[in-house]
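The values are calculated or read from the model by the stated rules, or taken from the named source; none is laboratory data. The shown structure was predicted, so the numbers you read here are calculated from the model rather than taken from an experiment. All Cβ positions, glycine included, derive from the backbone under ideal geometry; neighbour counts span all protein chains shown. Only protein heavy atoms, including side chains, enter the accessible area calculation; ligands, DNA and RNA are left aside. Shrake-Rupley method; radii C 1.70, N 1.55, O 1.52, S 1.80 Å.
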Amino acid sequence: MSAASDLASAATEPSAPASPERRKAPTPASVGATHGQVRRRSLARILAPVVVFALVLGLWTYASDHLIDPGSRFLLPPPLTVLKVGVLDSHNLGEILSALWTTTRVALTGLVISMIVGVALGILMSQARWVEYSVYPYAVALQTIPILAVVPLFGFWFGFDFQSRVIVCVLVPLFPIITNTLFGMKSVEPGLHDLFSLYAANRFKRLLFLQLPAALPAILTGFRISAGLAVIGAIIADFFFRQGDPGIGRLIDVYRQNLQTEQLLTCLLMSSLVGLVLFWGLDLLETRIVRRRNPR
């Protein structure tokens, strides 16, 4: 076996227990109890948000029917009215889904680019202190600048079409990816660094077999955080850049001006659903990677 393979297995495999002779074989009862706990946890993860969603719908219906004056009920229509007008009406649904697809394309494109750029910057900053000292302050400054104040400038510089929307989508979720990648790269145990030094591993092997595998959970966490931010960035860009296919942000603005609250609420709920799907997809990816790395 090569030295690189030895280093990779030493960095990824869990350490052996101190007293292996004391380890007992699992009994059928313990295995059944473990499977029962897993089933209960899975059921709880499904039922808990469903219960909260039902409570929110109940409070929403009660507020619309009993707390708001009938003449002002158009400001907060009940859920059934929103369902009939925003979802069951084929014309409204087609218009919303078309705009939602445009926003989703912008969000996905910006998210993928921000993942590549953010991970690359995080790796560079972890490998050279002068890069971290030079770049990280500007990454922090980028996070503190109000994005609404910068978006019009992008329109002046790059136009008001798809390209400018993607640039906004790259900038909004970029900072969490950079910070999580840098944190993960620096979180390697010193003992593992000593082990790689003992094997005389060069910087590339140390990065490939030690730092990147150790940083993977933190990087995936940054991806999950940035998924929702990418959708927000796409909606913000839709408000300002009105050339090309209309996105969900432009529809929200139109429905707001026309007091079409049912369609407006449908847009908000569907854009939230896009963010949730991206979050859940990345969460599932993280879970599978962690399970493959730690099968026990």
With DNA, RNA and ligands ignored, accessible area of Y199 (1.4 Å probe; Å², nearest 10)
100 Å²
Give the accessible surface of region 169-289 per residue, rounded to a whole number of Å², with probe radius 1.4 Å and ligands, DNA and RNA excluded.
47 Å²
Rounded to a whole number, what % of the accessible area of region 135-183 do carbon and sulfur atoms account for, probe 1.4 Å?
77 percent
Environment charge at G275 (Cβ cut-off 14 Å; Lys +1, Arg +1, Asp -1, Glu -1)
0
Region 143-296: Cα Rg divided by the 2.2 N^0.38 Å rule of thumb:
1.38
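Starting from the Kirkwood Rh over alpha-carbon pairs, what translational D in µm² s⁻¹ does region 55-172 have by Stokes-Einstein at 20 °C and 1.002 mPa s? Intermediate values should be presented prior to the final figure.
Numbers: Rh = 18.4 Å.
Result for D is 117 µm²/s.
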